[in-house]
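Here the structure is laid out as structure tokens; the discussion comes afterwards.
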Amino acid sequence: MTFYGCKILTWAQFVGNEELKLLSNSEIFLVPAEREREREMSRFQQWALIVKEALDKSFLVAKFFCAVHVTSTYLCSTALVYGPSMLPTFNLSGEIVLLESISTRYGKVGSGDVVIVRSPENPRKVITKRIIGMEGDSITYVVDPINSDRTETLVVPKGHIWVEGDNIYSSNDSRNFGPVPYGLLQGKVFLKIWPAGAFGLIGRRPQTVDPALKVAEELNNS
């Protein structure tokens, strides 16, 4: 088909005819409908490329969060410890610590370890305490260290632990809510990572021994 001496071709004819490579550009014209189809195909390809890139990035983000979830649940994670109950092991304003979940998962924690526990009184809250006794241990504790040295003794029931804060004068712990089910253990704290000046491993004994705590320890060891 010709128009004023120029050849008018459909897109199919243009693509499928190898002889057109010998024609000059001035002899080839595409009908408007075919040009519009070409533009639509180009827009579709652009959108397809955008969608593909978005999906690729979404998969990368999903993989990242899956890795973070697995690491924090089954390996290790960080926590902010603050408040007076664990003085002097942790300062009042707060320290960032590293805790691992392997020891708690396989029953490798024991007396003296600092742990993160889900509060028996408020499941939405987690608390940091030191394990004083495991199941079967006989525990003697100071009931009200502020007002007296009166002590009580009990045996930690099966499947439970006894936890207390290092600062027994200002700690809500097993002396108040009783033994804690082992299943509420979230992890064992083993390293201070921030502030930089406090960086170091967590010991299995408080940094200083309180007189009231010393009385309880002596009774437990006797």
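Odds and ends about this structure:
- Over all pairs of different C-alpha atoms in the range 102-179, the reciprocal of the mean inverse distance, the Kirkwood hydrodynamic radius, equals 13.0 Å.
- Full extension of the chain between residue 152 and residue 193 yields a length gain of 11.1 nm, computed as 0.36 nm times the residue separation minus the alpha carbon distance.
- A full extension of the chain between residue 106 and residue 119 corresponds to an added length of 2.6 nm, given 0.36 nm per residue minus the alpha carbon distance.
- Pairs from 57/192; 158/192; 57/125; 129/158 whose Cα-Cα separation, in the structure shown, is over 29 Å: 57/192; 158/192; 57/125
- Normalised by 2.2 N^0.38 Å, where N is the number of residues, the alpha-carbon radius of gyration of the range 63-203 equals 1.07.
- Here the accessible area is traced with a 1.4 Å probe on the protein chains. For the range 84-201, carbon and sulfur cover 55 percent of it.
The values are calculated or read from the model by the stated rules, or taken from the named source; none is laboratory data. Since the model is a prediction, treat every value here as computed from it, not as a measurement. All accessible areas refer to the heavy atoms of the entire protein, side chains included, with ligands and DNA or RNA removed. Shrake-Rupley method; radii C 1.70, N 1.55, O 1.52, S 1.80 Å.
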